[in-house]
Every structure is written in structure tokens, then in C-alpha cells.
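Remarks on the structure that follows.
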Amino acid sequence: MRTARPLFIFVTLLLSIATVQTERRGTSQATDERLSRLKQEAAADVERMTVFTQQMVDQIFSFGELGFQEHETHQYLVDVLRKNGFAVEEGIAGIPTAFMATWGNGRPVISLGSDIDGIPQASQKPGVAYHAPLVEGAPGHGEGHNSGQAVNITAAIAVKRVMEREKLPGTIRIWPGTAEELVATKAYFVREGFFKDVDVALFSHVSNNFGVSWGERANMTGLVSVLYSFTGRTAHSAGSPSRGRSALDAVELMNIGWNFRREHLPLEHRSHYVILDGGDQPNVVPRTASVWYYFRETTAAKIRDLWALGDTMAEAAAKMTGTDLQETRVLGSAWPQHFNRPVAEATFANIQRVGLPGWSEADQTLARAIQKELGSEQQGLHLKPPEELDGPARDNRGGGSDDIGDISWNVPTVTLRFPSNIPGLPGHNWADAIAMATPIAHKGATAGAKVQAMTMLDLLLTPGLVERAWTYFRDEQTKTIQYEPLIRPQDTPAIEMNRELMEKFRPAMRKYYYDPSRYPTYLDQLGVSYPTVKR
Ligand SMILES: [Zn+2]
């Protein structure tokens with residue numbers, strides 16, 4: 001009580017100063033207040049859509065489709081978007097499972113993307129903290145690409161309602177990162193002009209915490225994905241081996257050459273391969289063989305150097321074995337990512353405003369149990385978002401890639417990482433699927449949608465933000481480096497990839513498609529008690 005009177009005077013003084021400042025700053029303060037209020041309303045709307053968000057996350061999880069074969073996912077998303085007032089162009093850039101959805105008119109044009117494809121061998125019952133495939137050997141969402149479209153679509157619907165109510169001009173586009181695990185489509189979207197009139201691209205990607213960064217992305221690479229095919233001559237492997245020329249020998253010698261050279265390549269590079277064709281049977285000298293390489297580096301120029309070295313190895317292996325190297329095929333490509341500073345700053349502020357979801361004891365129990373199962377640190381789920389915005393990589397040690405890189409060199413872009421998965425997992429593994437149709441993924445997607453909606457409102461209502469994004473893009477990002485696609489003019493999307501594999505597993509997987517008309521959640525449909533952990 002002693003401080004009541006002085007405090008009252010102090011507050012009154014502050015308020016009167018604030019009033020004077022408000023009058024001085026006039027419209028800018030009013031704009032800020034309006035923006036803040038609209039963000040609040042959009043977030044509340046996202047919160048009201050939690051069931052809708054959860055159903056999208058669970059539905060796409062249950063499809064578990066591989067890159068270029070996302071037919072169920074595609075049809076489902078197109079239906080959802082049309083029902084919500086978007087005009088949808090299907091089969092864009094010659095890719096049957098790619099679309100461009102549009103709503104609204106005028107500027108700014110905000111383009112929302114997120115990946116949709118799964119991982120081979122990742123079939124897994126959600127909510128179960130040990131390896132328990134739904135269909136043995138089948139693909140599944142062992143990265144979490146089932147969650148990002150829910151983030152973007154929920155956010156877009158909330159923002160669309162604000163735009164209708166407030167009569168705000170602007171266009172929202174939504175598209176899928178088709179076949180991202182093959183980094184096989186976004187460069188074609190760019191080549192076909194789908195980003196020509198875009199002001200800002202907001203990408204979303206699953207993670208185990210919130211995150212956003214600007215500049216060169218740390219511990220990431222770009223890549224080119226190349227298929228080397230050799231042709232030899234068949235002969236009886238025992239009866240007349242001297243008449244044969246083995247294409248498999250060429251594949252093996254190329255790989256041996258590459259693996260010796262690997263010691264003398266820059267430490268941050270990554271390269272790996274699988275043999276797609278190794279011949280037919282041992283008593284027939286293999287006439288055909290092929291090996292599929294990913295060459296990863298931290299700059300486009302270094303990627304080209306690695307690629308040229310790969311070509312040299314392949315040509316040399318053909319010479320050594322008396323076989324022919326066929327025309328190489330580019331199956332995918334990704335520029336290293338570079339994200340936009342002003343848009344990343346806006347996104348980061350929204351992350352701070354939204355904060356992480358409240359995890360239940362069941363969520364934490366699942367997280368700790370899978371961490372224990374894998375021998376990772378039993379840290380559970382993150383409790384705080386990052387305190388600082390990540391800037392450009394200082395000492396890039398290399399790592400994975402995403403073809404959002406190509407888009408990021410064409411228009412100002414950021415990736416919003418949202419908290420729908422568990423820390424300490426190996427990536428591209430069944431373990432990365434266990435959270436992805438549970439309350440962890442659902443709550444993470446809702447939180448992600450709030451941030452995404454707020455950043456869209458920033459772009460619509462903050463004077464000069466889009467301009468500042470372009471100033472950074474022109475004067476800093478692309479001042480010395482200009483985008484030259486890694487795909488060559490003759491390359492086309494490798495849409496036949498994964499067809500056979502998906503055809504093999506789809507009949508068994510279909511039995512597990514989620515039916516939201518009968519079950520509130522996918523966990524309910526599967527009869528999984530949450531969480532299921534080893535005793
Ligand atoms: Zn991904």
C-alpha cells in the first residue's frame with residue numbers, strides 16, 4: 001500500500017507520455033495495433049481449427065506415399081483446397097502429383113510450400129516407442145512430411161478470413177514439395193515460371209523445435225542427383241567369359257574410384273550412392289548396370305566440380321571395362337539454401353509470440369522412451385523455442401539438402417521449422433515416424449500454423465516489409481551469386497521413380513488409410529493406446 005500513490009502518479013505520467021507519442025507517431029502506431037489484433041484473431045481461428053489440422057496430419061500420415069507417387073495425398077489436398085475456395089491447377093510442370101492452388105487478388109503474392117513425400121522402409125505405428133511397422137518393408141512418414149501442408153493450409157484459411165473481413169488485397173498460393181526426398185521438383189517449378197510473380201515464399205518443414213534462419217543455412221548442402229548407366233555385352237559367365245563385357249564391373253570400378261578419391265575431397269562434402277541395376281543372374285555377364293549418386297556440397301560451384309569428377313570416374317570406368325557409358329540422367333537437384341533476413345526476423349518474432357505447445361506427460365513419456373530405445377540422450381521434448389535468430393553459416397560442416405534452395409535464389413524465402421517431432425532421432429528412419437500422427441505432431445502443426453499466419457499478416461500489413469525483403473535479396477544475397485539451375489535444358493522430372501515400389505505396397509497400405517468419418521484420430525482407428533512404451 002505504501003507504494004500505491006507514487007505508482008499511480010508514475011503510471012499516469014507514463015500514459016500521458018504514451019499518448020503524446022501516439023499522436024506523434026500517428027498512423028504507424030495504429031497500424032501496429034491493428035496488426036497485433038489481427039494476429040491475435042488469426043491465432044484464435046487457427047486454435048478453433050485444431051481438429052481440421054489434426055485430420056490433415058493423420059490423413060497424409062496414413063497414405064505414407066513415396067516421391068512422385070503421392071497420388072492419394074495429391075487428391076486429398078486438392079479436394080481440401082477447392083472446398084476452401086482455392087482455384088487449383090493440377091499436374092503442374094509435367095508432374096502428376098504437383099499442383100498450384102491460388103486464392104485472392106493483387107499484391108503481395110505469398111507462396112506457401114511444404115513437402116509431402118515419405119521415406120522407404122519407414123512404415124511405423126504412431127505412438128509406439130519401438131519398431132512396429134504397420135506393413136513390413138513399406139514406406140512411411142519417417143521424416144514427418146505429413147505435417148507441413150496442414151501448417152500452411154490452416155494458416156492460409158485463417159489469413160484468408162482476415163483478408164475477406166478487412167478487405168485486404170493479396171494473393172495466397174499453396175503448393176506441395178513433391179518428391180522432396182529425391183530433391184526432384186522445385187527446380188522445375190522455377191523453370192516453368194511458378195515463382196516469377198511471387199513476392200515472398202514461406203516454406204514450412206517439420207522439426208523438433210521452432211526455428212528460422214537467414215543467410216546461408218548452416219550444416220546443409222545443395223546437391224545434384226545423377227544416374228550413371230553402363231552397357232556391356234552378355235556371354236556365358238563360365239563358358240565364354242572372354243566374350244562378355246560386364247556393365248556391373250564398370251559400376252563397381254566407378255564406386256571404388258570414388259571411394260578412394262573421397263579421402264581427398266573437402267570435408268564438408270557428402271556423397272552416396274545406390275546400385276539400381278546390378279545385372280540379372282550370375283551366369284550371364286551383366287549387359288546393363290546403373291548406379292545412382294548424390295553429390296552434395298555447400299555452393300553451387302562446388303557441386304558442379306563434384307559432378308564433373310563423378311563424370312570423369314564414370315568415363316574412366318567405362319574405358320577400363322570396355323563398356324559404354326550412356327547419357328547421364330539428372331534425377332534431382334537442389335541449390336544450397338539462402339534465406340531472407342527481413343522475413344526471417346519477422347518469423348522469429350512470431351515464434352517468440354506463439355511459443356512452444358504445452359506437452360502432456362504422455363507426449364514426454366513417448367519422447368523419452370524412443371530416445372532410450374535408440375540410445376540417445378533422454379531429454380524429452382524441447383520446452384523453449386530458440387532465444388536467438390540464426391544468421392548465416394560461419395563454418396558449414398555440410399549435411400542434408402532441400403530443393404527449397406532453388407526457390408530461395410529466385411524470390412525472398414524462409415523456412416519455418418515447427419515442433420512436430422522428437423529430438424535425438426536418426427532422420428529418414430521409422431523412429432522419425434512415431435510422433436507424426438500423435439498429439440506431438442498435431443500440437444506442433446497448430447503452433448506452426450499460428451506463426452505462419454502471423455508472418456503472412458506481417459507481409460500483408462507491415463509497410464515496406466516486402467520491399468525490404470527484395471532489397472536484401474537484390475543487394476546482399478544475389479549481389480555476387482546469380483542462380484543458374486543445376487538441371488540441364490534436356491532434363492525432365494523423373495516421374496516414374498518409385499512407381500513399382502509403391503504399387504507393390506499400396507494394396508496392403510490401403511487397409512490402414514485413415515477414416516476421419518469413423519475415428520476422431522488415427523491413433524483411435526489403429527487402437528494404439530498413447531503412448532505405448534516398453535516396460
Ligand atoms: Zn524434409
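The values are calculated or read from the model by the stated rules, or taken from the named source; none is laboratory data. Just so you know, these numbers come straight off a predicted model, no measurement behind them. Here Cβ is always computed from backbone atoms with ideal geometry, including for glycine, and neighbour counts include all displayed protein chains.
All of 289, 316, 301 fail the test of being outside the structural domain of residue 402 (by TED's automatic domain parsing), crowded, with 18+ Cβ neighbours inside 10 Å and more than 30 Å from residue 127 (Cβ to Cβ), apart from 289. Just for the stretch 371-418: of the residues that are assigned to a loop (DSSP other than H, G, I, E, B) and under 13 Å from the mean Cα position of the chain (by Cα), which one is nearest to the ligand (Cβ to nearest atom)? So the residue we want is 402. Need pairs with beta-carbon distance below 8 Å; first residue on the phi > 0 side of the Ramachandran plot and within the stretch 264-287, second in a strand (DSSP E or B); sequence gap 6+ or separate chains. Between residues of the stretch 264-287 that are on the phi > 0 side of the Ramachandran plot and residues that are in a strand (DSSP E or B), the close pairs are 279/288; 279/289. The one condition from (1) surrounded by 22 or more Cβ atoms within 10 Å (Cβ to Cβ); (2) more than 16 Å from the ligand (Cβ to nearest atom) that residue 106 does not meet is (1). From the list 289, 301, 346, 316, the one residue that fits, being in contact with a Gly (Cβ under 7 Å, 6 or more places away or on another chain) and either in a helix (DSSP H, G or I) or β-branched (Val, Ile, Thr) (or both), is 316. Exactly one residue among 308, 316, 367 is out of contact with any strand residue (DSSP E or B) (no Cβ under 9 Å at 6 or more places or on another chain), closer than 20 Å to residue 268 by Cα and at pLDDT 95 or above, and that residue is 308.
For the stretch 138-145, the count of residues that are surrounded by fewer than 24 Cβ atoms within 10 Å (Cβ to Cβ), in a helix (DSSP H, G or I) and touching a residue at least 12 places away in the same chain (Cβ under 8 Å) is zero. Please state which one of 159, 198, 135, 151 is in the same structural domain as residue 453 (by TED's automatic domain parsing), more than 16 Å from the ligand (Cβ to nearest atom) and surrounded by 24 or more Cβ atoms within 10 Å (Cβ to Cβ). After ruling out the rest, the residue left standing is 159.
Residues that are of a type in the set (Lys, Arg), without any contact (Cβ under 8 Å) to a residue 12 or more places away in the chain and in the same structural domain as residue 133 (by TED's automatic domain parsing) occur in the stretch 460-475; there is at least one.
Taking the stretch 375-392 as the range and being under 25 Å from residue 356 (Cβ atoms) and not charged (D, E, K, R) as the test, the residues that pass are 376, 378, 379, 380, 381, 382, 383, 385, 386, 389, 391.
Given the criteria free of Cβ contacts under 8 Å to residues at least 60 places away in the same chain and either more than 16 Å from the ligand (Cβ to nearest atom) or not acidic (Asp, Glu) (or both), does residue 229 qualify? Judged against the criteria, residue 229 is not a match.
Each residue in the stretch 162-187 was checked for being part of a helix (DSSP H, G or I) and more than 14 Å from the ligand (Cβ to nearest atom), and 6 pass.
Of the residues making up the stretch 453-466, none is under 17 Å from the mean Cα position of the chain (by Cα) and either over 24 Å from residue 179 (Cβ atoms) or within 15 Å of the ligand (Cβ to nearest atom) (or both).
Given the condition assigned to a strand (DSSP E or B) and either at pLDDT below 95 or closer than 29 Å to residue 496 by Cα (or both), answer yes or no: does some residue in the stretch 105-112 qualify? Checking the stretch 105-112: at least one residue is assigned to a strand (DSSP E or B) and either at pLDDT below 95 or closer than 29 Å to residue 496 by Cα (or both). Within the stretch 201-253, the set of residues being within 30 Å of residue 108 (Cβ to Cβ), in a strand (DSSP E or B) and not acidic (Asp, Glu) comprises 201, 202, 203, 204, 205, 206, 207, 211, 213, 215, 222.
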